[in-house]
1. Which of the chymotrypsin sites (Phe, Trp or Tyr not before Pro) found in the range 32-106 are in a DSSP loop and have at most 11 neighbouring Cβ atoms, other than their own, within 10 Å?
2. How much mean residue ellipticity at 222 nm does the chain get from its helices, if each DSSP H run of length 4 or more adds -39500 (n - 2.57) and you divide by all residues, to the nearest 500 deg cm²/dmol?
3. Using the C-alpha atoms of the range 24-88, what convex hull volume per residue, in cubic angstrom, is computed?
4. Once you have the Kirkwood Rh of the chain from its Cα pairs, apply Stokes-Einstein at 20 °C and 1.002 mPa s and quote D in µm²/s.
5. Taking the range 4-102, which trypsin sites (Lys or Arg not before Pro) meet the DSSP loop condition and have no more than 14 other C-beta atoms within 10 Å?
Amino acid sequence: MKVEEKLRLLGYRKRRGNTWVNGTRKVNVQHSIEYDRYHIRVVWHEKWRDYYALVFDYSAAQGPICIVPGHIFFNSDFIVEKRREQSYENSGNYWSQPFPIDHEIASLILEYADRWDLL
């Protein structure tokens, strides 16, 4: 089942772009074909820091769909440090990067594979 179909079944409606809303809960969906046994692409934007969850969809590359609570993602050590860097500010507070599968942020995301119960 596609992410969008599952979100609709859970009561979410598309707001704009990749943002979905259910009451006061906002989630952002990021689709990626960059997933294999060596690395995954991770994308985030500062404006999502207060979102209920970030959905990383690697299904187009036969990977998992990972539902990561927003506060856990943005309070992780790696993201906290990245947000302090000048390069993050210079990027418009947006980041997209492939990470090795054993990197702490990739591990965190993959820990939440298929966690639809969080929504």
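1. 38
2. Estimated from H runs of four or more residues: -6500 deg cm²/dmol.
3. Working: hull volume 6.0 nm³, N = 65.
Dividing the Cα hull volume of the range 24-88 by its residue count gives 93 Å³.
4. 148 µm²/s
5. On the way: sites: 6, 8, 13, 14, 15, 16, 25, 26, 37, 41, 47, 49, 82, 83, 84; in loops: 37, 49.
Qualifying residues, ordered by number: 37.
Computed from the coordinates by the stated procedures, all read-outs in this text should not be read as laboratory data. What you see is a predicted model, and the numbers here were worked out from it, not measured in a lab. Reconstructed Cβ throughout: ideal geometry from the backbone, glycine too, with neighbour counts over all protein chains shown.
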